[in-house]
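Here is the structure we will look at, set down as structure tokens.
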4 protein chains.
Amino acid sequence: MASEIKKIAVLTSGGDSPGMNAAIRSVVRTCAYMELECVAIYRGYQGMIEGDFKEMDARSVNNIINKGGTVLKSARCEEFRTKEGRQKAYEQLRKHNIDAFVVIGGNGSFTGALLFNKEFGFPVIGIPGTIDNDILGTSYTIGFDTAINTVVEAIDKIRDTASSHNRLFFVEVMGRDVGHIALNAGVGAGAEEILIPEQNLGLERLLDSLKRSKKSGKSSSIVIVAEGDKTGKNVFELKEYVEEHLPIYDVRVSVLGHIQRGGSPTCFDRVLASRMGVKAVEALRQGKSNYMVGIRDTKLVLVPIEEAISAHTAIDEELIRVSDIMTT
Amino acid sequence: MASEIKKIAVLTSGGDSPGMNAAIRSVVRTCAYMELECVAIYRGYQGMIEGDFKEMDARSVNNIINKGGTVLKSARCEEFRTKEGRQKAYEQLRKHNIDAFVVIGGNGSFTGALLFNKEFGFPVIGIPGTIDNDILGTSYTIGFDTAINTVVEAIDKIRDTASSHNRLFFVEVMGRDVGHIALNAGVGAGAEEILIPEQNLGLERLLDSLKRSKKSGKSSSIVIVAEGDKTGKNVFELKEYVEEHLPIYDVRVSVLGHIQRGGSPTCFDRVLASRMGVKAVEALRQGKSNYMVGIRDTKLVLVPIEEAISAHTAIDEELIRVSDIMTT
Amino acid sequence: MASEIKKIAVLTSGGDSPGMNAAIRSVVRTCAYMELECVAIYRGYQGMIEGDFKEMDARSVNNIINKGGTVLKSARCEEFRTKEGRQKAYEQLRKHNIDAFVVIGGNGSFTGALLFNKEFGFPVIGIPGTIDNDILGTSYTIGFDTAINTVVEAIDKIRDTASSHNRLFFVEVMGRDVGHIALNAGVGAGAEEILIPEQNLGLERLLDSLKRSKKSGKSSSIVIVAEGDKTGKNVFELKEYVEEHLPIYDVRVSVLGHIQRGGSPTCFDRVLASRMGVKAVEALRQGKSNYMVGIRDTKLVLVPIEEAISAHTAIDEELIRVSDIMTT
Amino acid sequence: MASEIKKIAVLTSGGDSPGMNAAIRSVVRTCAYMELECVAIYRGYQGMIEGDFKEMDARSVNNIINKGGTVLKSARCEEFRTKEGRQKAYEQLRKHNIDAFVVIGGNGSFTGALLFNKEFGFPVIGIPGTIDNDILGTSYTIGFDTAINTVVEAIDKIRDTASSHNRLFFVEVMGRDVGHIALNAGVGAGAEEILIPEQNLGLERLLDSLKRSKKSGKSSSIVIVAEGDKTGKNVFELKEYVEEHLPIYDVRVSVLGHIQRGGSPTCFDRVLASRMGVKAVEALRQGKSNYMVGIRDTKLVLVPIEEAISAHTAIDEELIRVSDIMTT
């Protein structure tokens, strides 16, 4: 299968996350170090189809390790979901003598890469870049650590004003179908209640918990609501519900939104991305394909992409318990 | 009028703002320095009516200079708008031998203080604490500098993800009826367009500006919308409007919300608050009343409260022009 | 061995680290949740000897999760190293009916706890709180993540001015005998060279590396120097050495110092501390003693204290390699 | 004198300061807006002598408003102090048809510009960019606000660990011959004592103050020392002195160093820089020369460079008094 790899392409795909630039830099510099050619693909699979390529050397990635977003841009690409789209992409890669690519992204991006490999036998390696931390086979995805810190800093600010007015805040955070951001940032921010998609305890329990919190003399309450939450109510509806059923509270709502995707990456995300970029290029050089680079404890691992995309990472039951105990 | 002042009360009232704690600390420590007694009133005028008081000494305000919000809590108080409410408040103050009070807050709080003084001849001094920077007679209010930095940091993050996807963002910021936060943070964040209540240029101009921005090759656009904006559309409606009339953009919305009220105050706000607290106590000692402490350039001034509440600070025309030029 | 545990004490000992307050809060709240009594011991073992104790309930630890340092204070204590000192401490604990204690600290603190247990059979559990991340048996210690972010943010700032003047900076970071902070923050900050105690490559290599870096067209260079570095030269001497042997550089020095110990803890450190506090109390309730709570991947573990203090955690060879590749 | 200005150059000179990039961006964009040509000069006067120029348009300065340092680089230049050096610089400017220049820097840079103008009648305007805030005629220089926030954030961190160990810290801050950074950041950080060049109260007073502070029950003390301080002792010598004369303290030292020059500029500095850039170009268009753009209260002013460099801005006596009162 593996003819020698001489030229590697790198792209970012799907939603952006902080640390993607550190991963790009790492792939580019590892290629330089191993004397491989390296090509950047702009705008994800769309740019692959259109041949939006650029040769990279070690200096092309100066001063990007601390930048949020992705200098290669990202995009979702409908065309790549079609056989024709992927055929065009393949021709572009061949035309530019590219032997393999590294895709930095999430589940959707990996699914595309796997399909592409199945059709053309083209070597691909994935690097998990998403704030959601929902990819099986890796304890951390690039961007998650930055996102939870952004959320915690925002809630620290909201708590200032909440405490000053004895208010209750519903704060909506990102995470799509999973509650990792909500649960971790909620514990980190000392939230009184955390509503996540994996666990629907019902609105009764929420009211009980808020009543208890009020009685215990707390000067404010913060309830974190994951965007994929299963209560059937969004934060605005939750506000109305509580105002109706528990009129002792002055309730406010905050939707944190896209600040969670940006910002200079944390040291953790920069180091993780740097390590994963090296591992990805090494894997390709060793003739490997269809793997995602993951981290287990402090060691990097290669996880079959098929496994990585087969399910979401489950929520940590022990952390749910910690969350319950902390709100005593 | 001015019998000797021996005991001063301090309270925070209305919406909280970062730096209020630094102002409280300053009033308390200045009293200690001048060997005056000092009493904290909790929960604004409500706490004044209810006698929610606490004796303070220099050590009572340790380690609060860097905290957001207000340790004295704040509240809006309907009862203080009534003659009966103010009578109760007056009785509480007399009962505790309080000779004067310093109120940290905005227009509403000052109006109450003025009324109170008219009725009972009670000495009052105001310190402008609001993120909106809308109080006449002072170039800066306490909390404004922190708020615009919070907004700028949030938009720096949003721009990361906006640039990565070539997106247009409408970002709603606070400021009630005035555009100071929007205009300053908009210039500071390099926004492409800034919609403020003081200036309604119409939606046509917005579309033109966005078209130009796109054509000029910018990778993203950020439009700041003050909450009091006069286009007649909120950020969600603006998104729909642009998507309909200018379908070249992928549009997103972010409502920054209450993070703008919190956070550790900037050095500017801490220093301003520290200075104003000293000035307020000094003014009372000198037998002054019905003044707000203001800052003009680098000098503190006393402004008649009546003047301070007579109108909002006008927006700076030169800064609007700078904003226009910067979006070239 | 384990008579029933009804009353648990918690103390912080040795150097402070960000997240210690989150761990204290967690121990206290877990006790409240499990209906155990909880006592705080101030100033580490010194306070234990002097009986500087305070009863705690769930509300005693409100609003400390986001604070750096330790609200219980910390201290090094010579007296606890003597048999007499420990005897006094034991008597204080007995007098207050304390059945077990949780000590949050590093190697020295654990050694003391172990000795104490050996002498009196008193149940103890350790929680690793140190910025150095040097404790065997846990992948992360509380405070390390915050410290490396503080370093990275400082170096991001230094790089601004280094780049503007084409300068070389030697930046000294903490870490005592180990290079974990230096290596992780160095990779995260994109340092050109990282000097750690575990690996002395000699000064020749440093000069070669700096020459190469200059030749490659980089606009600035940052060299991270761990305080325990083995070159035999501190940062000031390194500056002189390079100025003498490589006069092409304008060299500056920065000793980051104690900012590395403080600051609001990151989400990672807050969550880690919250989890470890629960685990520590649970371990005591289950009759366990002489264990340190550790984390392996995403799971908490109990590590015999004897093992934890037997050696420093080794530096990650793979990360050294990543560091080399990134400076290509 | 003023033939029509068609082409303007911009350079940064001397020490860099946060916000310089916002000023560069503003000069470039204002030229674009007014349909003037704009040229960037790299590495200050050295680059002027060497003809290190680059044509700029509005897009050349995308995404730099939030970056610390200066993208044009800066340098001190001995050659420009000679007649021959300035002659070469003049020839380069003429060769490139440059009609005027805007120099962003401090006293030294302005002195050079003035001399240059006297010799060649070449139109020059200065923009004050320095963290020291020491330039006469402007209430604020670009970078000062960012620097004092950096110092305050660092001291907030140091206080965490100082409080945890009941320690005394001497913290050295920048500011060259003036105490503006020390005084403002000291008040903002709640320092117990602030030593500035403008006021030498002697070491006796320091000891007295520290004794009082200890007695009052404070858990830590921070003493800010301006680098130009006149006690005759640096922070390390102060530590020794206090340890000898006041052995009740555990003393530590921190030299904040170059982190004070870097970092993303605050909103205040970005807005100030944006406004000053517009004003500078407008002044040149109006045929003005030898002025520095200053700010007085919220209004921009033009100050004769000769006046600006004639002396340092005096320290604010009222702020010294506030500082004394706050340490009660």
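Taking the range C:282-328 on its own, what percent of its Cα-Cα pair distances exceed 12 Å?
Across the range C:282-328, Cα pairs with separations above 12 Å total 73 percent.
Given C-alpha coordinates of chain D, what is the ratio Rg to Rh with the Kirkwood estimate of Rh? Please report the intermediate quantities before stating the final value.
On the way: Rg = 21.9 Å, Rh = 20.8 Å.
Answer for chain D: 1.05.
What is the dipole size for the range C:1-138, taken about its Cα centre, with +1 at each Lys and Arg Cβ and -1 at each Asp and Glu Cβ, in debye to the nearest 20? Could you put the intermediate results ahead of the total?
Values: 17 positive and 16 negative charges, 27 e Å.
Once rounded to the nearest 20, the dipole reads 120 debye.
Report the relative contact order of chain B, percent, no decimals, based on alpha-carbon pairs under 8 angstrom and at least 6 residues apart.
Reported relative contact order: 24 percent.
Compute the Rg/Rh shape ratio of the range B:208-249: radius of gyration over Kirkwood radius, all on alpha-carbon atoms.
Ratio of gyration radius to Kirkwood radius: 0.98.
List B:34, B:174 from most exposed to least, where exposure is judged by having the fewest other Cβ atoms within 10 Å.
With the fewest neighbours first, B:34, B:174 line up as B:34, B:174.
Assuming R0 = 30 Å, can you tell me the calculated FRET efficiency for the pair residue A:55 and residue C:205, based on Cβ-Cβ distance, to the nearest 0.05? The partial results should precede the final answer.
On the way: r = 31 Å, r/R0 = 1.02.
Once the sixth-power term is evaluated, E becomes 0.45.
Taking neighbour Cβ counts within 10 Å as the exposure measure, how do D:216, D:221 sort from fewest upward?
Least crowded to most crowded, the residues run D:216, D:221.
With a 4.7 Å Cβ cut-off, tell me which Cys residues in the protein assembly as shown come up empty for a partner.
A:77, A:267, B:77, B:267, C:77, C:267, D:77, D:267 - these cysteines have no disulfide-compatible partner (Cβ-Cβ under 4.7 Å) in the protein assembly as shown.
Provide the net charge surrounding residue D:273, with neighbours chosen by a C-beta distance below 14 Å and charges set as Lys +1, Arg +1, Asp -1, Glu -1.
Combined, the nearby Lys, Arg, Asp and Glu give +3.
Kindly state, to the nearest 0.05, the FRET efficiency for residue D:94 paired with residue D:118, given R0 = 25 Å and r defined as their beta-carbon distance. Intermediate values should be presented prior to the final figure.
Numbers: r = 17 Å, r/R0 = 0.68.
With a Förster radius of 25 Å, E is 0.90.
Take the alpha-carbon centre of the range B:191-221, take the same for the range C:100-148, and report the distance between them in whole Å.
Computed from Cα coordinates, the inter-centre distance equals 57 Å.
Give me the distance in nm between label points sitting 7 Å out from Cα along the Cα-to-Cβ direction at residue C:35 and residue A:62, one decimal.
It is 6.7 nm.
Mind listing the Cα extents of the protein assembly as shown along all three principal axes, in Å, largest one first?
Result for the protein assembly as shown: principal-axis Cα extents of 79, 76, 66 Å.
Within the set of other residues whose C-beta is less than 14 Å from the C-beta of residue D:200, count the net charge using Lys and Arg as +1 and Asp and Glu as -1.
-2
Of B:210, B:147, B:197, which is farthest on the positive side of the dipole of the range B:145-261, counting Cα position, with +1 on Lys and Arg Cβ, -1 on Asp and Glu Cβ, and the Cα centre as origin?
Checking the options against the dipole of the range B:145-261, the answer is B:210.
Compute the normalised compactness of the range C:1-77: alpha-carbon radius of gyration over 2.2 N^0.38 Å, N being the residue count.
Ratio of Cα Rg to 2.2 N^0.38 Å: 1.07.
Would you mind calculating the relative contact order of the range C:177-320 from Cα pairs under 8 angstrom and at least 6 residues apart, reporting the percent as a whole number?
About 20 percent, as a whole number.
Listing A:94, D:25 from the residue with the fewest other Cβ atoms within 10 Å to the one with the most, what is the order?
Working: A:94 12, D:25 27.
Ordered by Cβ neighbours within 10 Å, fewest first: A:94, D:25.
What's the center-to-center distance, using Cα atoms, between the range D:17-43 and the range C:38-70 in Å?
55
Size of the dipole of the protein assembly as shown about the Cα centre, Lys and Arg at +1 and Asp and Glu at -1 on the beta carbon, nothing else charged, in debye to 20?
The dipole of the protein assembly as shown has a size of about 0 debye.
Karplus couplings for the range C:112-121 from phi (6.51 cos²θ - 1.76 cosθ + 1.60, θ = phi - 60°), rounded to Hz, Gly and Pro as x?
Couplings: x, 5, 5, 4, 4, 5, 4, 6, 10, x Hz.
What residue among C:163, C:264, C:220 has the largest mean-square fluctuation in a Gaussian network model of chain C, using Cα springs under 10 Å?
Comparing C:163, C:264, C:220 in a Gaussian network model of chain C, the most mobile one is C:163.
Read phi for every residue in the range D:92-107 and hand back ³J(HN,Hα) as whole Hz from Karplus 6.51 cos²θ - 1.76 cosθ + 1.60, θ = phi - 60°, with x for Gly and Pro.
Along the range D:92-107, the couplings run 4, 4, 5, 4, 9, 6, 7, 9, 6, 9, 10, 10, 9, x, x, 3 Hz.
Over the Cα atoms of the range B:152-215, each weighted equally, I'd like the Debye log10 I(q)/I(0) at q = 0.15, 0.29 Å⁻¹, rounded to two decimals.
At q = 0.15, 0.29 Å⁻¹ the computed log10 ratios are -0.50, -1.36.
If Lys and Arg each add +1 and Asp and Glu each add -1, what is the summed charge of the other residues whose beta carbon sits under 10 Å from the beta carbon of residue D:218?
+3
If you take the C-alpha gyration tensor of the range C:145-261, multiply each eigenvalue by 5 and take the square root, what semi-axes do you get, largest first, in whole Å?
21, 17, 12
Pull up all non-local amide H partners of residue B:292: gap of 5 or more, or a different chain, and H-to-H distance under 5 Å with H placed in the peptide plane.
So residue B:292 has HN proximity to B:126, B:303, B:305.
First measure r as the distance between the Cβ atoms of residue C:78 and residue D:317, then evaluate 1/(1 + (r/R0)^6) with R0 = 60 Å and state the FRET efficiency to the nearest 0.05.
0.80
Pop out the Kirkwood hydrodynamic radius of the range B:1-131 from its pairwise C-alpha distances, inverse of mean 1/r, in Å to one decimal.
Hydrodynamic radius (Kirkwood, Cα pairs) of the range B:1-131 is 14.4 Å.
Two decimals is fine: what is log10 I(q)/I(0) at q = 0.12, 0.14, 0.29 Å⁻¹ for the range C:40-107, from a Debye sum with one equal scatterer on every Cα and no solvent?
Each listed q corresponds, in turn, to -0.34, -0.46, -1.42.
Where nothing but the Cβ of Lys and Arg (+1) and of Asp and Glu (-1) is charged, how large is the charge dipole of chain C around its Cα centre, in debye to the nearest 20?
My answer is approximately 740 debye.
With the cut-off at 19 Å, report for the range D:211-328 the share of all Cα pairs above it, as a whole percent.
Roughly 69 percent, once rounded to a whole number.
Output, in nm with one decimal and in ascending order, the distances from the residue C:215 label point to the matching label points of the other copies (7 Å from Cα along Cα-to-Cβ).
Reported distances to equivalent positions: 5.0, 6.7, 7.5 nm.
Remind me, relative contact order of the range D:145-261 in percent, using alpha carbon pairs under 8 angstrom and six or more residues apart?
39
Taking a point 7 Å out from Cα toward Cβ as the label site, list the nm distances between residue A:298 and the same residue in every other copy, smallest first.
Between copies, matching label points for residue A:298 lie 2.0, 5.1, 5.4 nm apart.
Distances from residue D:55 to the same residue in each other copy, label points 7 Å out along Cα→Cβ, in nm, shortest first?
Reported distances to equivalent positions: 2.6, 7.7, 8.1 nm.
Between the range A:251-328 and the range C:277-328, what's the alpha-carbon centroid distance in Å?
One Cα centre to the other: 20 Å.
With the crude spin-label approximation of a point 7 Å out along Cα→Cβ, what separation in nm comes out for residue A:240 versus residue B:245?
About 3.0 nm separates the two model spin labels.
Since every read-out is calculated from the coordinates, none of them should be taken as a lab result. Computed from a prediction, not measured in an experiment: that's the story for all the values here. Positions of Cβ are generated from backbone atoms using ideal geometry, with glycine treated the same way; all protein chains shown enter the neighbour counts.
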